[in-house]
Amino acid sequence: MFDSKVNQKYFSLSALFILLVTIFVSLNAADDSQSFTVALTGKYPPFSFYSSQGELTGFDVDVAKKIADYLDYDMTIVATEWDGILAGLLSGKYDAIIGSMAITPERKKMVHFSDVYYVSGAQLFVHAKNKDQIKNIKDLKDCRVGVGLGETYEHYIRSTYPDVETVTYKSTVDIFQDMENGRLDGFVTDRLVGLYQIKRGGLDFVPAGSFLYREEMGIPVRMEEKGLLQKMNHALQKMQVTGEMDQLHAKWFGDSIGQSVHSTRMTWTVQLRMLGRGFIITLGVAFLALVIGFIIALPWGIVLHNPKFVGYILLRFFNDFIRGTPLLIQLFFVYFGAPQIGVTLSPIESAVLALSMSCAAYMAEAIRSGLMAVDPGQQLAGRALALSRLQVFRFIVWPQAFRVAMPSLMNIVVAFIKDTALISIISVAEVVREAQSIISVTYNPIRYYFIVGLMFFLITFPLMKVAGHLERRIRQRGFVHDSN
């Protein structure tokens, strides 16, 4: 009787537990199916930029939020670089790009576009002092015109006006700086963007001529996401019928622009918070990559020092390949290419992996050089004293090799801390990207790039001093044999 009740109670609890687990898994599955990840640049005011509180805002951000509300999806916004944004969509890093992407025949071969959600056009802008001399782009023969990297304007100018020298930039803020410096005679961008940014930044630029061509903006999704495309089109149609799209146009491009400009000025508190947050990410990624890289580099360097080791040829080729290709390309392939073989890594994981392997390759060469500098006779002397191979390496070879390699290793450490600035290409919000987000609002690149440079210097300069101190300490302890 007792056993029966116990078994019944145990069975009931087990059934209840299984039921709760089933409900929990079902809820999680439901939540996952309702997730919605959207990409944009965060550096394209008034469509996407950071507000005075350091939050993403703008026309495209509002459109994305409205669509998510209509679809009843939990939305996540990813801020990434424009020149890698389409690759991220194709590799499945996000579901859609709501970032003012123009619909072109070339892009339609790779993705499906939603219905047009706004129309604008390419516009030439020149300095106000030259407005009487430059009436349109035909007056810029043999002159320099700035465009954004990866935008449709570059191809248009190169193919339509071959006599005009086209210069690409990462952002319109960089274009504005070169316009002020006199390196450019004009620039081409979206008319709405140009007018907004000029007014917001108090810049002395004016439009020259009419539209170069008309552009229709859509929301791209992957070819297989036809269901999501239909849902978004339905949401956009509802926004048109209810007048919500017109309200957003009025908010960002109507009479309220002046108020918006005043209200989105960033305070120093917000700027410091963004820069501090980005620098912590920068240092964290750099620290992990350097530690992992050094751990890998030690056996790697030993193998490269002795061609008799198994796998030497393969490791030699891999090392040369890593050192012979740009880190930017390696980051791109790890983040965007890995999903093609079934491996999906987060931006931070991709950054740490790519930086670690690159760091290990360079450190292995430094370690190999240090090992080569040790007199082989000392290894023979250690063996004559009945020391094991491991003891010879630990107490005789490695201290001397490390001393020789340490300056090179420290240079690698300093270089790779700075190279973390490249990880912004894969959507990591490190300090340089955060600075660029601030610059897109404040229009003062010199100030914030100087601040970021100073932040890096405050970390790297002490490291160089520590390297010198460690080298002196190793010499004082007598771990090495000085020939002098």
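Quickly run through the range 433-463 and pick out the residues that are among the polar types (S, T, N, Q) and either surrounded by 15 or more Cβ atoms within 10 Å (Cβ to Cβ) or assigned to a helix (DSSP H, G or I) (or both).
Gln436, Ser437, Ser440, Thr442, Thr460
Answer with yes or no whether Trp252 is surrounded by fewer than 18 Cβ atoms within 10 Å (Cβ to Cβ), at pLDDT below 90 and not aliphatic (A, V, I, L, M).
no
Considering only residues that are of a type in the set (S, T, N, Q) and modelled with pLDDT of 95 or more, which ones fall in the range 201-230?
The one that is of a type in the set (S, T, N, Q) and modelled with pLDDT of 95 or more: Gln230.
Kindly indicate whether Leu385 is modelled with pLDDT under 95 and touching a Leu at 6+ places or on another chain (Cβ under 9 Å).
No: the conditions fail for Leu385.
Which residues, counting only those in the range 405-432, are part of a helix (DSSP H, G or I), more than 29 Å from Leu203 (Cα to Cα) and polar (S, T, N, Q)?
Ser408, Asn411, Thr420
Which condition number in (1) among the polar types (S, T, N, Q); (2) modelled with pLDDT under 90; (3) surrounded by fewer than 18 Cβ atoms within 10 Å (Cβ to Cβ) is the one that Gln247 fails?
The number of the failed condition is (2).
Name every residue in the range 200-235 that is under 25 Å from Tyr156 (Cβ atoms) and basic (Lys, Arg), in order of residue number.
Arg214 - this is the single residue of the range 200-235 that is under 25 Å from Tyr156 (Cβ atoms) and basic (Lys, Arg).
Name the residues in the range 364-401 that are among the β-branched types (Val, Ile, Thr) and free of Cβ contacts under 8 Å to residues at least 60 places away in the same chain, would you?
Scanning the range 364-401 gives Val374, Val392, Ile396, Val397.
Which residues, counting only those in the range 181-191, are surrounded by fewer than 21 Cβ atoms within 10 Å (Cβ to Cβ) and closer than 27 Å to Thr80 by Cα?
Arg191
Confirm whether Ile198 is over 16 Å from Ile134 (Cα atoms), modelled with pLDDT of 90 or more, assigned to a helix (DSSP H, G or I) and hydrophobic (A, V, I, L, M, F, W, C).
no
Of the residues that sit in the range 122-175 and are small (Gly, Ala, Ser) and farther than 24 Å from Ile446 by Cα, which one is surrounded by the most Cβ atoms within 10 Å (Cβ to Cβ)?
The qualifying residue surrounded by the most Cβ atoms within 10 Å (Cβ to Cβ) is Ala122.
Taking the range 113-147 only, how many residues are within 26 Å of Trp252 (Cβ to Cβ) and in contact with a helix residue (DSSP H, G or I) (Cβ under 9 Å, 6 or more places away or on another chain)?
Selection size over the range 113-147: 16.
List every residue pair whose Cβ atoms sit under 6 Å apart, with the two residues 6 or more apart in sequence or on different chains, where the first one lies in the range 302-314 and is closer than 18 Å to Leu390 by Cα and loosely packed, with under 10 Cβ neighbours inside 10 Å and the second, anywhere, is at pLDDT 90 or above and not aromatic (Phe, Trp, Tyr).
Close Cβ pairs satisfying both conditions: none exist.
Consider Ser114 carefully, then state whether it is modelled with pLDDT of 90 or more, buried (at least 21 other Cβ atoms within 10 Å of the Cβ) and on the phi > 0 side of the Ramachandran plot.
No.
When the residues of the range 358-380 are filtered to those that are more than 17 Å from Met410 (Cα to Cα) and in a helix (DSSP H, G or I), which remaining residue is nearest to the chain's Cα centre (by Cα)?
Per the stated criteria, the residue is Met372.
For residues in the range 389-401 being buried (at least 19 other Cβ atoms within 10 Å of the Cβ) and in contact with a Leu (Cβ under 8 Å, 6 or more places away or on another chain), which is farthest from Gly370 (Cα to Cα)?
Checked the range 389-401; the qualifying residue farthest from Gly370 (Cα to Cα) is Ile396.
Considering only residues of the range 428-482 that are among the charged types (D, E, K, R) and closer than 20 Å to Val374 by Cα, which is modelled with the lowest pLDDT?
Restricting to residues being among the charged types (D, E, K, R) and closer than 20 Å to Val374 by Cα, the top hit is Asp482.
Select from the range 66-97 the residues that are outside any strand (DSSP E or B) and of a type in the set (S, T, N, Q) and write down the one among them that is farthest from Ser114 (Cα to Cα).
If we take residues in the range 66-97 being outside any strand (DSSP E or B) and of a type in the set (S, T, N, Q), then Thr80 is farthest from Ser114 (Cα to Cα).
Residue-wise test of (1) without any contact (Cβ under 8 Å) to a residue 60 or more places away in the chain; (2) among the aromatic types (Phe, Trp, Tyr); (3) assigned to a strand (DSSP E or B); (4) assigned by TED's automatic domain parsing to the domain that holds Ala39.
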| residue | (1), (2), (3), (4) |
| --- | --- |
| Phe125 | no, yes, yes, no |
| Val145 | yes, no, yes, no |
| Pro162 | yes, no, no, no |
| Thr168 | yes, no, yes, no |
| Glu180 | yes, no, no, no |
| Leu228 | no, no, no, yes |
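Answer with yes or no whether Phe393 is farther than 20 Å from Tyr94 by Cβ and either part of a helix (DSSP H, G or I) or not assigned by TED's automatic domain parsing to the domain that holds His305 (or both).
yes
The values are calculated or read from the model by the stated rules, or taken from the named source; none is laboratory data. Keep in mind the model is a prediction, meaning the values are calculated, not measured. Every residue, glycine as well, gets a Cβ built from its backbone with ideal geometry; the counts of neighbours run over all protein chains shown.
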